[in-house]
Amino acid sequence: MSIDKQLREELRKGADSMHCPPDLYGRVQQSYQQYVNEKRGRSPMKKRILVGIAAIAILIPSAALAGSYLADDIFGSSATIEQHGGSQEDYQVIEEMLQAAKGKLTEDEFKEYMELTKQMVQLKLKITDENGVVHEESLTKEEQQLFEQLASKLGPYFEKINATSNP
């Protein structure tokens, strides 16, 4: 027999003859259970990264969809435009137009543009019925003058927006 095997046999016999106190078993079992619980509580780095990526994948699109529309500042909601014969597609077209204007006008110009557009839309909503038919004759003379003034003030903005979009 080799020396390794002899040593192993002697150690095994010595271990078999030893007697451990019963409370030692309890302490070892409790320590092991605590170690297992701590290990179970910690997430490996891979899981944390995957959870983070999943959260980002969910939150970014939902944040983009939950963002306020520029058209909401003018109409209040898409329901307003639908009450006057418009559709959700019309609402999206208006939103895209306002987004384009925001990108092409300076901040001050855009604020003024939005204010003028809001006044213009309020007048248009007043003269448009639920079928989308415009009744310009229902405006008073003052409202007609205001409508023409707004159209003339908005003209340069429309030119600037359209000129930069066409090469």
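Points worth noting:
- Test: residue in region 66-79 that is out of contact with any helix residue (DSSP H, G or I) (no Cβ under 6 Å at 6 or more places or on another chain) and at pLDDT 70 or above: yes
- Within region 85-116, considering residues that are touching a residue at least 40 places away in the same chain (Cβ under 8 Å) and small (Gly, Ala, Ser), the one nearest to residue 133 (Cα to Cα): 85
- Filter result for residue 98 (closer than 16 Å to residue 117 by Cβ, more than 21 Å from the chain's Cα centre (by Cα), aliphatic (A, V, I, L, M) and at pLDDT 70 or above): no
The values are calculated or read from the model by the stated rules, or taken from the named source; none is laboratory data. Fair warning: this is a prediction, and the values are worked out from it, not measured in the lab. Heads up, the Cβs are rebuilt from the backbone with ideal geometry, glycines too, and the neighbour counts pull from every protein chain shown.
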